[in-house]
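Some notes on the structure that comes next.
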Amino acid sequence: MKLISILIPAYNEEAVLDQLMVRLGNLANDTKDYDFEFLFINDGSKDRTLEIIKGFAETDPRVSYINLSRNFGKEIGMIAGLDHVQGDATVIIDADLQDPPELIPQMIKFWEEGYDDIYAKRNSRDGESWFKKFTSKQYYKTLQRVTHVPIQEDTGDFRLLDRRVVEAIRQFRDTQRNAKAIFSWVGFHKKEILYDRDPRAAGETKWNYIKLINLAIDGITSFTTAPLRLSTYVGALVSAATFLYLLYLVIRTIFFGTDLAGYPSMMAVILFLGGVQLLSLGIIGEYIGRIFNETKQRPLYLIEEYHNGKTPKKARRKS
Ligand code: UDP
Ligand code: MG
């Protein structure tokens, strides 16, 4: 039988895990033609998440878990999981039941038809503010335009990946990751299915705007150098305008003399140029920062414990 791995990044999710496990169990029971592996990634939770997962693993051989040595963030949690899944296909799903597990059989159906990456596109985003919806839409529009890689809008990380896509993604060892951009980059046969995103079943979102903005910047800087090009254009444009203004000043002085006025316009030009220069420096800094981080070649994550539900007891080890 083919094995489907369900990959669940979890950070402080004690409130929803029981519900999640019931829904996953139902799913596995209803989908008898496949074996399942439930791989939980405990991302340094500070609550009882790990304890609860260990409880599942004791009674259910389908449950595996990775306990990361601290909180690394969902992006890193996902790659840690992808490095360890054993399935012929892998489904990435949030722990908070915002992604309905009931969609998975449909994904499997399309997978059997030959698609490699079946992603769930949100019909509605209940429980999210209009501001979050609006900013997310604009961001993906822009990212799409500057990267020239087709990016799936209104799509989270909830998707089924064929093993060959998983193997492709494993080769991406970027430290500042943006999974959505990677899923888009690797290509393969993609299929979209629509669903209504539910509000979180319990607990609280771990995202705040600072984290989202950082993720957004990572998405851009990891996939395109367009901002550098942009600062080149702005620099060229400003230089050209300044040169014309300079000509105008010289000619005016030759024909009409000088009256030493012009303090406001001078301030305006200086401040504007200062702003443009700082912005360009900031953009260059973003990329140097990325180079710095990647050249350190640190491991992406550290594992405190890996429990593989299916391996016989003697093979288990702490790593
Ligand atoms: N998550 C994680 N590490 C983190 C933050 C979140 O593994 O540092 C997990 C979290 O447990 C959940 C998923 O990522 O399963 C999505 O997080 P959340 O629901 O907070 O994000 P939202 O749905 O609001 O975008
Ligand atoms: Mg959520």
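For the reader, a short list of remarks on this structure follows.
- Residue match in region 26-48 (condition: in a helix (DSSP H, G or I) and within 15 Å of ligand 1 (Cβ to nearest atom)): no
- Where strands (runs of 3 or more DSSP E) fall wholly inside region 86-203, the ranges with 2 or more residues that are touching a residue at least 40 places away in the same chain (Cβ under 8 Å) and open to solvent by 10 Å² or more (accessible area, probe 1.4 Å) are 117-125, 155-162, 190-197.
- Residue identified as within 30 Å of N42 (Cα to Cα) and either modelled with pLDDT under 80 or of a type in the set (S, T, N, Q) (or both) among S239, S265, S280, S222: S222
- Of the listed requirements (1) on the phi < 0 side of the Ramachandran plot; (2) more than 16 Å from ligand 1 (Cβ to nearest atom); (3) open to solvent by 90 Å² or more (accessible area, probe 1.4 Å), L260 misses just one: (1).
This table checks each residue for (1) within 15 Å of the chain's Cα centre (by Cα); (2) within 16 Å of ligand 1 (Cβ to nearest atom); (3) among the small types (G, A, S); (4) modelled with pLDDT under 80.
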site: Q138; (1), (2), (3), (4): no, no, no, no
site: T175; (1), (2), (3), (4): yes, yes, no, no
site: K180; (1), (2), (3), (4): yes, yes, no, no
site: L194; (1), (2), (3), (4): no, no, no, no
site: A202; (1), (2), (3), (4): no, yes, yes, yes
site: Y209; (1), (2), (3), (4): yes, yes, no, yes
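- Selection status of D33, open to solvent by 20 Å² or more (accessible area, probe 1.4 Å) and modelled with pLDDT under 95: yes
- Qualifying residue in region 67-74 (condition: assigned to a helix (DSSP H, G or I) and either hydrophobic (A, V, I, L, M, F, W, C) or at pLDDT 90 or above (or both)): yes
- Odd one out for R23, checked against (1) open to solvent by 50 Å² or more (accessible area, probe 1.4 Å); (2) under 30 Å from F134 (Cα atoms); (3) within 16 Å of ligand 2 (Cβ to nearest atom); (4) of a type outside the set (A, V, I, L, M, F, W, C): (2)
- Listed by first and then second residue, the pairs linking a residue in region 259-281 that is over 21 Å from A226 (Cα atoms) to a residue that is in a helix (DSSP H, G or I), with Cβ atoms under 8 Å apart and 6 or more places separating them unless they lie on different chains, are V269/T242; V269/Y245; F272/V238.
- Lone unmet requirement of (1) open to solvent by less than 90 Å² (accessible area, probe 1.4 Å); (2) aliphatic (A, V, I, L, M); (3) in a loop (DSSP other than H, G, I, E, B) for L273: (3)
- With respect to the conditions (1) within 16 Å of ligand 2 (Cβ to nearest atom); (2) closer than 18 Å to R145 by Cα; (3) loosely packed, with under 13 Cβ neighbours inside 10 Å, Y233 lacks only one, and its number is (1).
- Here G81 clears all of (1) open to solvent by less than 10 Å² (accessible area, probe 1.4 Å); (2) within 16 Å of ligand 2 (Cβ to nearest atom) except the condition numbered (2).
The values are calculated or read from the model by the stated rules, or taken from the named source; none is laboratory data. Just so you know, these numbers come straight off a predicted model, no measurement behind them. Note that each Cβ is placed from the backbone with ideal geometry, even for glycine, and that neighbours are counted across all protein chains shown. Calculation scope for accessible area: heavy atoms of the full protein, side chains included, ligands and nucleic acids excluded. Shrake-Rupley method; radii C 1.70, N 1.55, O 1.52, S 1.80 Å.
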